[in-house]
Amino acid sequence: MALVSIRIARAPRAIGYSRAVVLTAAVLLAGTIPQFSLAQSPCRVLDPELPGRYEGGCVDGLASGRGRAEGSARYEGEFWAGMKHGRGVKVWPSGDRYEGEFFEDRRHGRGAYTWGRGRWAGERYEGEYRSDRRHGYGVYTWPSGDRYAGPWENDVMTGPPTPMMRLRAQAIAAARAALARPGVRVCQWVAIGIGNRTRIRGEVAEFSAAQIAVRIVEPGPQSVTAAGVPVRAGDVVWDDFLAWEPC
């Protein structure tokens, strides 16, 4: 029989039981309490990027209400049935950050997504989402100051392009014509520390409509990154056509 600590209030004099009888009954009753009522089961978060620590509301073993969860990413906001649901903020190790509305674990409604490190560093989208895709009216801004404001459909801009977007498309077409052949030797200048640069060399392994896969041949004398990731000789990275030049 389990022993538990119970605080007993003195019974009113009108009740014909002594304090000893009340205490004995309470201890006997405690021995019949099922074990699951004495220990709270862990509260689950269904997002596979948030399997670690959770603090917040819990209903039937699932995160519900306001809470905070951590894993390979971090989230603070509203939950329902273990899913991100309502308003919240999710942040990734890359520095990417989404703040806005969620529906059953997906970005849905209005929100703002800002990119951290990597190819899209400093770029930002603010507008409407549907099932994790930009859909509806939205504004996309680049660090250069260029800005697209218009309709989106399934993550694709469907309105008229800005002048800067037209120029970029022309530059990509020219770079693609020069580099889109396996074996072409390419180079890229990358930053090292503050104010220093080094050149890394590679060759085109394959390509798609918008990117090339470069096999690193000479990564330089120090640890460097390309396409936002550390690279060594022999690594293959997918990157923007405009990030490389023939050499």
Qualifying residue in the stretch 117-138 (condition: among the polar types (S, T, N, Q) and surrounded by 14 or more Cβ atoms within 10 Å (Cβ to Cβ)): no
Yes/no for residue 213 being exposed (fewer than 15 other Cβ atoms within 10 Å of the Cβ) and of a type in the set (A, V, I, L, M): no
All positions within the stretch 46-73 that are under 17 Å from residue 103 (Cα atoms) and of a type in the set (Asp, Glu): 47, 49
Odd one out for residue 155, checked against (1) assigned by TED's automatic domain parsing to the domain that holds residue 133; (2) loosely packed, with under 11 Cβ neighbours inside 10 Å: (2)
Selection from the stretch 208-237 of residues that are out of contact with any strand residue (DSSP E or B) (no Cβ under 7 Å at 6 or more places or on another chain) and of a type in the set (S, T, N, Q): 208
Residue 209, sole failed condition from (1) in a strand (DSSP E or B); (2) within 29 Å of the chain's Cα centre (by Cα): (1)
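The values are calculated or read from the model by the stated rules, or taken from the named source; none is laboratory data. Since the model is a prediction, treat every value here as computed from it, not as a measurement. For neighbour counting, all protein chains shown are included, and Cβ atoms are generated from backbone atoms with ideal geometry for every residue, glycine included.
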